[in-house]
Amino acid sequence: MEQKTPVKFEQSVAQESPWSSGDRALRLLWEFCWFVFCVWTPKPANPWRLFWLDVFGAKIEGKPFVHQRARIAIPWHLTLRDRACLGDRANAYSLGEIEIGARATVAQEVYLSTGSHDFSHPALQLVTAKITIGDDAFVGARAFIMPGVVIGARSVIGACSVVTKDIPPDVFAAGNPCKVLRPR
């Protein structure tokens, strides 16, 4: 299992951005391209959306599906395995890495948040940690996945759950905070 080590970006108390002007310009270009070339496309135009994700550095294996209304903050931090699905209005807030395993489903309006703040630091500096969704996992509608969480292979996360800790493979889990309910 991968060691979770938050990445801290040093900021002064003046709240300077942890992103360079080049990073910000590239993110702006990405948002423009997604809006102009992808948001309006019908579901069967998935290869076109994958093309644009690939152009912006997303790691794509096989044929994942990305809904046209999915939101992806930084595509070069996103890995999609074969037949992974990022659903309608799902939000991949990929300030850090997000990996969605083969045949895994991230349902509509799920929020995958790899970023938070260090509340013990006066400048509230940005902290990021990778989110991993295992192969064949299912994340129910409107679930919220916190930074650094690993959802085990074949696990099912209930709708509207708030996942703050790793979920082992082959379980049903739900709630706020999300807890394992039973084996799958």
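Observations on the model:
- When each of D136, D170 is tested for being under 22 Å from N46 (Cβ atoms), without any contact (Cβ under 8 Å) to a residue 40 or more places away in the chain and acidic (D, E), the lone residue that passes is D136.
- Contacts under 6 angstrom Cβ, first residue in the stretch 68-90 being in a loop (DSSP other than H, G, I, E, B), partner at pLDDT 95 or above and aromatic (F, W, Y), 6 or more apart: A73/Y93
- Check on L124, touching a Phe, Trp or Tyr at 6+ places or on another chain (Cβ under 9 Å) and either at pLDDT below 95 or under 27 Å from K63 (Cβ atoms) (or both): no
- Out of I100, I131, sole residue that is in contact with a Lys or Arg (Cβ under 7 Å, 6 or more places away or on another chain) and modelled with pLDDT of 95 or more: I100
- Filtered residues of the stretch 153-162 (kept if crowded, with 22+ Cβ neighbours inside 10 Å and either of a type outside the set (A, V, I, L, M, F, W, C) or touching a residue at least 24 places away in the same chain (Cβ under 8 Å) (or both)): S155, S161
- Near pairs, Cβ below 7 angstrom, 6+ apart or cross-chain, from the stretch 30-55 (over 17 Å from G87 (Cα atoms)) to any residue that is of a type in the set (A, V, I, L, M) and surrounded by 15 or more Cβ atoms within 10 Å (Cβ to Cβ): D54/I60
- The stretch 59-112 - residue that is basic (K, R) and within 21 Å of G152 (Cα to Cα) and, of those, surrounded by the fewest Cβ atoms within 10 Å (Cβ to Cβ): K59
- C38 vs. criteria over 22 Å from T132 (Cα atoms) and surrounded by 19 or more Cβ atoms within 10 Å (Cβ to Cβ): yes
- Whether a residue is over 26 Å from H117 (Cα atoms), surrounded by fewer than 17 Cβ atoms within 10 Å (Cβ to Cβ) and at pLDDT 95 or above was assessed, and W48 passes this test.
- Count of the stretch 1-32 residues which are among the hydrophobic types (A, V, I, L, M, F, W, C), at pLDDT 75 or above and surrounded by fewer than 13 Cβ atoms within 10 Å (Cβ to Cβ): 4
The values are calculated or read from the model by the stated rules, or taken from the named source; none is laboratory data. Source: prediction; values computed, not measured. Counting neighbours? That spans all protein chains shown, and the Cβs are built from the backbone with ideal geometry, glycine included.
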